[in-house]
Amino acid sequence: MERVKDLPGVKIHTSLKPEFAGAVGLFSIDGMKTSEVDGQLLNKYKIHTTGIDWENIHGVRVTPHVYHSPKDLDRLVTAITAMSEKQAMASKQKKS
């Protein structure tokens with residue numbers, strides 16, 4: 001989460017405080033539906049996540065497992081970075 005929290009449009013909905021840390025994270029990307037983020041992660045990057053749209057909770061849940069390697073998490077960071085940058089460019093083009 002530390003590596004993606006400052007990307008344009010990325011919102012982390014999970015506390016970064018160590019006392020609230022766990023093996024679950026929730027994030028969203030401005031301008032993208034939860035289903036779009038979840039779908040792209042699976043279809044384009046082969047990363048399984050869970051999209052959540054329930055009451056006031058909207059985002060993609062990531063639950064790394066003990067069997068996931070740092071390389072797997074790097075792939076997730078790469079995917080989020082690419083989606084964030086693409087969405088930021090699309091937003092700029094709409095404003096122009």
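The values are calculated or read from the model by the stated rules, or taken from the named source; none is laboratory data. The structure displayed is predicted, hence computed values, not measured ones. Note: ideal-geometry Cβ built from the backbone for every residue, glycine included; neighbour counts use all protein chains shown.
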Check your understanding: residue 23 fails exactly one of the following numbered conditions: (1) over 20 Å from residue 82 (Cβ atoms); (2) without any contact (Cβ under 8 Å) to a residue 24 or more places away in the chain; (3) part of a loop (DSSP other than H, G, I, E, B). What is the number of that condition?
Key -> (2)
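Conditions tested, residue by residue: (1) under 29 Å from residue 94 (Cβ atoms); (2) among the aromatic types (Phe, Trp, Tyr).
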{"position": "22", "(1), (2)": "no, no"}
{"position": "25", "(1), (2)": "yes, no"}
{"position": "33", "(1), (2)": "yes, no"}
{"position": "45", "(1), (2)": "yes, yes"}
{"position": "49", "(1), (2)": "yes, no"}
{"position": "53", "(1), (2)": "yes, no"}
{"position": "59", "(1), (2)": "yes, no"}
{"position": "65", "(1), (2)": "no, no"}
{"position": "73", "(1), (2)": "no, no"}
Study note, to complete from the structure: By residue number, the members of region 13-33 that are surrounded by 14 or more Cβ atoms within 10 Å (Cβ to Cβ), farther than 20 Å from residue 65 by Cβ and of a type in the set (A, V, I, L, M) are 29, 32
**Study point:** Contacts under 6 angstrom Cβ, first residue in region 58-72 being of a type in the set (Ser, Thr, Tyr), partner modelled with pLDDT of 85 or more, 6 or more apart
**Key:** 63/24
Point to revise | Selection from region 9-20 of residues that are over 12 Å from the mean Cα position of the chain (by Cα) and under 20 Å from residue 91 (Cα atoms) | key: none
Practice item. Considering only residues that are assigned to a strand (DSSP E or B) and under 11 Å from the mean Cα position of the chain (by Cα), look in region 34-70 and name the one that is surrounded by the most Cβ atoms within 10 Å (Cβ to Cβ). Key: 60
Exercise for review: Would you mind telling me which numbered condition in (1) closer than 12 Å to residue 10 by Cα; (2) among the polar types (S, T, N, Q); (3) within 11 Å of the chain's Cα centre (by Cα); (4) in a helix (DSSP H, G or I) residue 28 fails?
Suggested key: (4)
Review point. If you take the residues of region 73-96 that are loosely packed, with under 13 Cβ neighbours inside 10 Å and among the charged types (D, E, K, R), which of them is nearest to residue 6 (Cα to Cα)?
Key: 74
Point to revise | Pick from region 38-57, criterion in contact (Cβ under 8 Å) with a residue 24 or more places away in the chain and not aromatic (Phe, Trp, Tyr), ranking: farthest from residue 15 (Cα to Cα) | key: 44
